[in-house]
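This report concerns only the one structure given below.
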Amino acid sequence: MSESNSATESKNSGIKKIDDQGILKGVEGLTPEKIESVIQQVITNETGARLKVYVDTCVHCGLCSKGCHYYLSLNDPKFSPAGKVKQTLAEIMQKKGKVSPEFIKQAAVIAYTQCNLCKRCAMYCPFGLDVAYVMSVMRRICHKLGVVPLYIQDTAHSHSVTMNQMWVKDDEWVDTLMWQEEEAQEAFENLRIPLDIEGADLFYSVIGPEPKFRAQLIFQAAVIMNAVGENWTMPSMPGWDNSDMCMFTGDYEMMERLKRCHFESALNLRAKRIVMGECGHAFRSVYDVGNRALGWRMPPIEIIHAIDYFNELFEQNRIKIKKKFDTPVTLHDPCNVSRGRGLHDKARNLVNATCSNFIEMVPNREHNYCCSAGGGVINCGPPFKNARVESGKEKARQLLEAKEKGAKVVIAPCHNCHGGLEDIIHHYNVGMELKFFGDIIYEILDLP
Amino acid sequence: MKRFINNVVAAFVVAIIGVSLAVISYGTINAKECFDINKESVESNTNTRAFVCFEHDAHNEKASIESCDRCHHVYNEKGVLVDGESSEDQSCAECHAGGASTKSGDSKVLDIDLAAKYHKLCRDCHLTEKKGPVACVECHKK
Amino acid sequence: MHDLYSFFTGPFAWLTFIVFIGGSVWRFSSLWQLAQKKDGHVFEYMDTKFALRSIAHWLVPFGSRSMKLNPAMTVVTFLFHICLFITPIFVFGHVILWKENFNISWFTLPNAVADVMTFIVIASCIFFLWRRITLPEVKYLTTPSDFVILFIVAAPFITGFWVYHQFAGSAFMTIIHIISGEVMLMAIPFTKLFHMFLFPFTRGYIGSEFGGVRMAKDW
């Protein structure tokens with residue numbers, strides 16, 4: 001093991017040391033024949049002209065570099081988007097799948113931990129080549145080869161066993177909701193978290209980590225829903241978790257099961273629309289990726305992200321606040337809802353409706369830097385944490401710039417971003433506080 | 001780095017302007033006794049290559065051409081070459097009148113049809129005989 | 001000289017046209033068929049309005065943030081591509097050949113303009129070469145074939161400049177000029193030069209995804 005480890009510290013790689021049992025054990029079982037046959041399977045059955053064009057059209061101009069926060073943070077060409085393609089699919093296509101287990105080991109680290117699939121580079125490449133797609137194909141190959149980082153693979157296993165990301169058992173889920181209901185009743189008399197109501201206006205779904213680690217977010221959401229008199233419901237059975245780590249490991253079959261379960265959960269209750277908590281990747285999985293995999297051009301039921309929903313409450317004057325949040329705030333646009341759904345304008349409306357002092361970080365909106373945690377990178381866990389935080393250097397610089405202009409609080413309407421930004425803020429001594437929109441609205445809410 | 005890039009851009013622009021000025025100011029054509037087709041139109045045209053001084057007698061002597069119809073050909077109405085007849089008393093444009101210039105009688109306008117015909121006449125023969133100039137610069141000398 | 005001229009303006013020129021047009025049609029149609037078979041989503045999400053919106057932003061100098069971050073590259077690349085296309089099509093020395101061989105002709109460029117434009121192409125290629133050699137993020141990506149392609153593109157312009165200015169050996173250089181132009185045309189379908197045909201599709205598709213699904217700008 002240690003021998004193969006030291007071999008990975010080659011000069012040609014941006015990878016320092018691989019200490020991940022999922023990848024190391026996975027690679028041990030590989031033979032060149034198996035690699036070739038799996039690659040051929042993926043390339044010929046699952047991809048087509050798009051991948052070919054993306055790999056062949058790249059003229060190696062290097063302009064994508066400035067689109068990638070990894071490159072900007074580490075200033076190493078191996079971390080530019082095209083640099084990552086060069087180290088993965090470009091070589092695979094050139095060698096027609098005849099690559100070594102060692103190559104796959106490197107490629108897995110690159111695809112799973114050195115790209116957040118944020119698609120910012122597509123906005124910097126003159127041809128609009130989608131490197132996130134190429135990295136996803138690489139992940140798909142790694143998944144089929146069984147070379148997946150241990151921690152994210154564990155969440156994928158949880159998905160397949162429990163239909164949620166965090167091994168939450170069916171009774172634990174309902175218990176948690178009832179517990180939060182009880183807690184919230186102290187703040188709001190007769191508050192309910194309605195379960196399995198048929199025909200509700202709004203089906204509220206969350207990600208697995210909410211009941212597991214951040215149950216107060218469910219509490220907050222329940223208070224807001226009750227304060228505005230929403231006709232809402234949550235499901236008591238699997239389907240409540242909208243998150244999707246299988247989308248990021250490359251386990252598309254499992255992703256389809258998850259999305260189907262989530263959609264069916266809402267559709268069986270004849271809900272009018274799905275409102276989801278402040279999560280980016282889950283939104284991507286439901287709004288963009290999962291529905292396509294299942295054959296729907298757009299989601300079969302309207303999908304509303306919390307930003308959109310909260311903004312709607314303010315625009316329709318359905319919500320009353322005591323006073324605006326007056327600590328100066330800045331806004332981090334999460335890739336999956338800004339670049340992924342154009343919610344940045346609504347997010348700004350919402351900031352202005354709830355906060356009295358708003359300072360933009362630069363660049364912003366579609367051009368905002370990723371938190372370095374997205375695309376499943378943070379879910380690859382401790383073995384890759386230091387590398388992840390290092391690649392957030394540019395993000396830290398951007399945050400410090402906003403801090404210099406006076407911002408004290410960062411609003412990040414995404415769970416992944418919270419995780420990533422928390423580590424960045426801590427590591428670089430940024431000294432800013434992180435909040436969800438829900439936190440702020442809960443704080444300023446004028447309860448009846 | 002930014003300053004460096006700016007310098008590169010500046011150098012690039014200066015170089016382009018410099019070369020263009022040099023090119024524009026360059027070039028006067030020496031006139032000598034030449035067999036002249038539309039000389040004025042060629043010399044006044046900024047788009048064409050340099051005027052070609054075709055020294056008729058020297059050429060024919062060198063190429064041992066005795067019969068005029070080798071170049072001054074005549075075609076009948078059916079488009080068949082008429083043997084033994086020649087057309088040195090006519091201007092080329094009388095038959096090869098493709099452009100507006102001949103119709104309007106304005107010789108200062110270059111007739112690209114005529115130029116094309118002239119090129120073909122010379123070059124086709126040179127290629128057949130494997131003698132004489134064929135590349136542009138071999139005739140259009142500055 | 002005469003045999004070379006006859007060959008490279010005759011059979012070899014026809015071969016060039018066949019390889020260039022036939023090769024391009026072949027490569028394009030094989031990609032199209034593959035896309036129809038395997039990439040149904042591309043057709044499903046392609047949207048004319050958003051595709052054109054994206055293409056327009058990327059065809060206007062400094063129309064994207066990426067271009068603003070790389071001003072030198074933007075200026076050079078726009079001048080380069082414009083001159084690369086306009087010069088060979090509209091230089092008088094080429095138009096007269098169309099007239100002679102196919103009896104069609106069109107607008108021509110003044111010599112001085114064509115000359116400057118040729119110089120721009122050559123200078124741009126030197127700039128690209130400089131980028132490839134010195135900028136780490138470009139150097140890392142650069143393969144030997146990138147240098148070959150750069151040379152293939154620069155060669156017709158270097159030789160054309162040579163011939164026009166009648167430097168030493170310009171008669172023979174004319175033959176090299178003809179060959180280099182033919183090599184460039186024949187290389188297009190089989191190299192990264194094919195990006196000229198793929199640009200509207202790659203840009204248009206990402207523009208459609210960003211416009212129609214992601215509801216965000218992609219410039």
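The values are calculated or read from the model by the stated rules, or taken from the named source; none is laboratory data. What you are looking at is a predicted structure, and each value in this text was computed from that prediction instead of being measured. Using ideal geometry, Cβ is built from the backbone for each residue, glycine included, and neighbour counts are taken over all protein chains shown.
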### Message
Being modelled with pLDDT of 95 or more and either in contact with a helix residue (DSSP H, G or I) (Cβ under 9 Å, 6 or more places away or on another chain) or over 29 Å from A:GLU433 (Cβ atoms) (or both) is the requirement here; does A:ARG260 meet it?
### Response
yes
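More than 14 Å from chain A (Cβ to nearest Cβ), more than 30 Å from A:GLY62 (Cα to Cα) and under 21 Å from the mean Cα position of the chain (by Cα) - does that describe any residue in region C:82-90? I'd like the intermediate steps shown before the answer.
Of the residues in region C:82-90, the ones more than 14 Å from chain A (Cβ to nearest Cβ) are C:82-83, C:85-90.
When the remaining residues are screened for being more than 30 Å from A:GLY62 (Cα to Cα), the result is C:90.
Next, from what is left, pick out any that are under 21 Å from the mean Cα position of the chain (by Cα): C:90.
Yes: region C:82-90 contains one or more residues that are more than 14 Å from chain A (Cβ to nearest Cβ), more than 30 Å from A:GLY62 (Cα to Cα) and under 21 Å from the mean Cα position of the chain (by Cα).
Let me confirm something: among A:ASN379, A:ASN368, which residue is within 30 Å of A:VAL289 (Cα to Cα) and away from every other protein chain (no Cβ under 14 Å)?
Residue meeting the stated conditions: A:ASN379.
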### Task
List the number of the failed condition for C:PRO136; all other conditions in (1) within 11 Å of another protein chain (Cβ to nearest Cβ); (2) free of Cβ contacts under 8 Å to residues at least 60 places away in the same chain; (3) touching a Phe, Trp or Tyr at 6+ places or on another chain (Cβ under 9 Å); (4) not polar (S, T, N, Q) hold.
(3)
### Query
From the list C:VAL183, C:VAL163, C:VAL148, which residue is surrounded by 19 or more Cβ atoms within 10 Å (Cβ to Cβ) and either in a helix (DSSP H, G or I) or within 8 Å of another protein chain (Cβ to nearest Cβ) (or both)?
C:VAL163
### Message
For region A:120-154, give me each residue that is in contact with a Cys (Cβ under 7 Å, 6 or more places away or on another chain) and either part of a loop (DSSP other than H, G, I, E, B) or away from every other protein chain (no Cβ under 14 Å) (or both).
### Response
A:TYR124, A:CYS125, A:LEU129, A:MET135, A:VAL148, A:PRO149, A:TYR151, A:ILE152
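For C:ILE149, state whether it is modelled with pLDDT of 95 or more, farther than 24 Å from A:LYS66 by Cα and not charged (D, E, K, R). Even if it seems obvious, please write down each step before you answer.
Details: modelled with pLDDT of 95 or more: yes; farther than 24 Å from A:LYS66 by Cα: yes; not charged (D, E, K, R): yes.
Judged against the criteria, C:ILE149 is a match.
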### Query
Only one of these conditions is not met by C:SER105: (1) more than 14 Å from chain A (Cβ to nearest Cβ); (2) within 20 Å of C:TRP162 (Cα to Cα); (3) in contact with a helix residue (DSSP H, G or I) (Cβ under 8 Å, 6 or more places away or on another chain); (4) not hydrophobic (A, V, I, L, M, F, W, C). Which number is it?
(2)
### Query
Hey, any hits in region A:183-193 for a residue that's of a type in the set (A, V, I, L, M, F, W, C) and in contact with a Ser or Thr (Cβ under 6 Å, 6 or more places away or on another chain)?
no
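Quick grid of which residues meet (1) within 28 Å of C:GLY212 (Cα to Cα); (2) of a type outside the set (Gly, Ala, Ser):
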| position | (1), (2) |
| --- | --- |
| C:ASP3 | no, yes |
| C:LEU15 | no, yes |
| C:SER54 | yes, no |
| C:LEU59 | yes, yes |
### Message
Suppose the filter is touching a residue at least 24 places away in the same chain (Cβ under 8 Å), assigned to a loop (DSSP other than H, G, I, E, B) and not β-branched (Val, Ile, Thr); does A:SER236 pass it?
### Response
yes
### Task
Could you tell me whether A:LYS346 is within 14 Å of another protein chain (Cβ to nearest Cβ) and free of Cβ contacts under 8 Å to residues at least 60 places away in the same chain?
yes
### Message
On the basis of being under 21 Å from C:ILE133 (Cα atoms) and either assigned to a helix (DSSP H, G or I) or within 13 Å of the chain's Cα centre (by Cα) (or both), does C:ALA171 make the cut?
### Response
no
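When region A:398-439 is examined, which residues are found to be of a type in the set (S, T, N, Q) and within 21 Å of the chain's Cα centre (by Cα)?
Going through region A:398-439, the residues of a type in the set (S, T, N, Q) turn out to be A:398, A:416, A:429.
A:GLN398, A:ASN416 - these are the residues of region A:398-439 that are of a type in the set (S, T, N, Q) and within 21 Å of the chain's Cα centre (by Cα).
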### Task
May I ask you to verify whether A:GLU253 is free of Cβ contacts under 8 Å to residues at least 24 places away in the same chain, closer than 19 Å to A:TRP296 by Cα and part of a helix (DSSP H, G or I)?
yes
### Task
List the number of the failed condition for A:GLU36; all other conditions in (1) away from chain C (no Cβ under 14 Å); (2) modelled with pLDDT of 95 or more; (3) not in a helix (DSSP H, G or I) hold.
(3)
### Query
Looking only at region C:1-50, which residues are at the interface with chain A (Cβ under 10 Å from one of its Cβ atoms), among the small types (Gly, Ala, Ser) and surrounded by 17 or more Cβ atoms within 10 Å (Cβ to Cβ)?
C:ALA35
### Task
Could you check, for region A:74-81, whether at least one of its residues is away from chain C (no Cβ under 12 Å), at pLDDT 95 or above and either closer than 30 Å to C:ASN70 by Cα or part of a helix (DSSP H, G or I) (or both)?
no
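Would it be correct to say that A:VAL59 is modelled with pLDDT of 95 or more and facing another protein chain (nearest Cβ under 9 Å)?
Judged against the criteria, A:VAL59 is a match.
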